[in-house]
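Participant: My questions all concern the structure below.
FYI, it's all coordinate maths here, none of it is from the lab. These numbers come from a predicted model, not from an experiment. Counting neighbours? That spans all protein chains shown, and the Cβs are built from the backbone with ideal geometry, glycine included.
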Amino acid sequence: MPKKINIFEHELVPTHIRLTKEEAHALLKRMGIRPYQLPWILTSDPAVKALGAKPGDVIMIIRKSPTAGVSVAFRLVVPFKAR
């Protein structure tokens with residue numbers, strides 16, 4: 001059986017956090033936007049799969065930045081539709 005790999009242990013993968021529905025609602029209200037106005041992240045993304053996130057969830061991504069120190073981004077999980 002193949003060994004499971006935790007992608008979040010790799011130094012190049014930023015921290016991904018799935019927000020609760022309440023946290024996502026508060027964030028969107030504070031920003032004055034609708035969920036579909038966030039940048040998207042596909043359900044096929046390895047980090048989304050590892051988190052077990054579903055379409056409609058909001059993911060917070062925290063990256064280390066040489067200029068800003070820390071950069072925080074938010075993404076809306078959307079379904080992957082193969083053609």
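Participant: What does the charge dipole of segment 1-68 about its Cα centre add up to, to the nearest 20 debye, if the Cβ of each Lys and Arg holds +1 and the Cβ of each Asp and Glu holds -1? Show your work: numbers first, answer last.
Facilitator: Details: 11 positive and 6 negative charges, 23 e Å.
Charge dipole of segment 1-68: 100 debye, to the nearest 20.
Participant: What are the residues whose amide H is under 5 Å from the amide H of THR15, where those residues sit 5 or more places off or on another chain and H is modelled from the backbone?
Facilitator: Amide H neighbours of THR15: ILE62.
Participant: Moving on. Return the Rg/Rh value of segment 13-78, two decimal places, where both radii are evaluated on C-alpha atoms and Rh is the Kirkwood radius.
Facilitator: Answer for segment 13-78: 0.97.
Participant: What residues have an amide H closer than 5 Å to that of ILE41, excluding those fewer than 5 places away on the same chain, when H is modeled at 1.01 Å from N in the peptide plane?
Facilitator: LEU76, VAL77, VAL78
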